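Down below is the structure, laid out as structure tokens.
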Amino acid sequence: QVQLVESGGGLVQAGGSLRLSCAASETIRSINVMGWYRQAPGKLRELVATITSSDYSNYADSVKGRFTISRDNAKNTVYLQMNNLKPEDTAVYYCNTAPSGYLPWGQGTQVTVSS
């Protein structure tokens, strides 16, 4: 089964940028929709961005215009470019299939945005 490893998180000031990566242990070419999720302390995990195998992307209203999702099937990797970060973006970020997240969840990568 595909294993997912997220990386690229860190501490950044408000207005800054980060690029997250999600490396899969096997090909993701056959997976139609991949997504990035996030979970803030005390909150439910939410889906913030999705991308189809034909590179159609969709975003939650809270990140639209600031985040960009992309995928490189040759590298089995999904990316999330995050610009103009806000303190409310602070969370652990995960990738998985969307919308159901049926693969084993990775450890996630922590994003902390200071004001």
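The values are calculated or read from the model by the stated rules, or taken from the named source; none is laboratory data. On a predicted model such as this, the values are computed, not experimentally measured, just so you know. When we count neighbours, we look across all protein chains shown, and the Cβ atoms used for this are built from the backbone with ideal geometry, even at glycine. Protein only, heavy atoms only, side chains kept; ligands, DNA and RNA dropped before computing areas. Shrake-Rupley method; radii C 1.70, N 1.55, O 1.52, S 1.80 Å.
A few comments on the model shown:
- Cut-off 12 Å between beta-carbons: net charge of the residues surrounding W36, Lys and Arg +1, Asp and Glu -1: +1
- Within a Gaussian network of the chain (alpha carbon springs, distance under 10 Å), most fluctuating of T77, T27, T90: T27
- Here the chain has 49 percent of its accessible surface on carbon and sulfur atoms, given a 1.4 Å probe and all protein chains in place.
- Within a Gaussian network of the chain (alpha carbon springs, distance under 10 Å), most fluctuating of A60, A49, A24: A60
- Placing dummy labels 7 Å off each Cα toward the beta-carbon, the span from A40 to Q110 is 1.7 nm.
- Length released on extending from R29 to Y56, taking residue separation times 0.36 nm less the Cα-Cα span: 8.3 nm
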